[in-house]
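Encoded as structure tokens, the structure appears first; notes follow it.
The values are calculated or read from the model by the stated rules, or taken from the named source; none is laboratory data. Note that this is a predicted model, so its numbers are computed, not measured. Virtual Cβ from ideal backbone geometry, glycine too; neighbours counted across all protein chains shown.
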Amino acid sequence: MRTLLALAAAATLAAPAAAAAPLLSADLAAAAEARVIVKGAAFACEGETCTTRSAASRPAVLCERLVKEVGPVTSFKVDGEEIDARDLERCNAKAR
């Protein structure tokens, strides 16, 4: 019984942390249908958009890893805020 209560408490505490992770989204230069996992973040790509929630401290690194899998992006956003043009250029330099 104690184990069950401990698991329930842990699940309750973990849920808000997961929900608080920033939404990352990328607009792709070319459509892709895939599920891409980069540095522990699972991007769901449909058409010209890929999205995930991740608490990663360096979204620019996730952008670079994503473009290695799906090609260049036209924008990369963290909670709706676009990364700056210089970071986007660096990101796309890593594209396949």
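When ALA9 is tested against (1) surrounded by fewer than 12 Cβ atoms within 10 Å (Cβ to Cβ); (2) at pLDDT below 90; (3) in a loop (DSSP other than H, G, I, E, B), only condition (3) is not met.
Region 29-87 holds strands (runs of 3 or more DSSP E) entirely within its bounds, and those carrying 1 or more residues that are exposed (fewer than 12 other Cβ atoms within 10 Å of the Cβ) and in contact with a Cys (Cβ under 8 Å, 6 or more places away or on another chain) map to 34-38. I need the full set of residues from region 72-96 which are within 17 Å of ALA31 (Cβ to Cβ) and modelled with pLDDT under 95, in order please. Passing the criteria: ALA95, ARG96. For region 40-50, the criterion of a residue being modelled with pLDDT of 95 or more, touching a Phe, Trp or Tyr at 6+ places or on another chain (Cβ under 8 Å) and aliphatic (A, V, I, L, M) is satisfied by no position.
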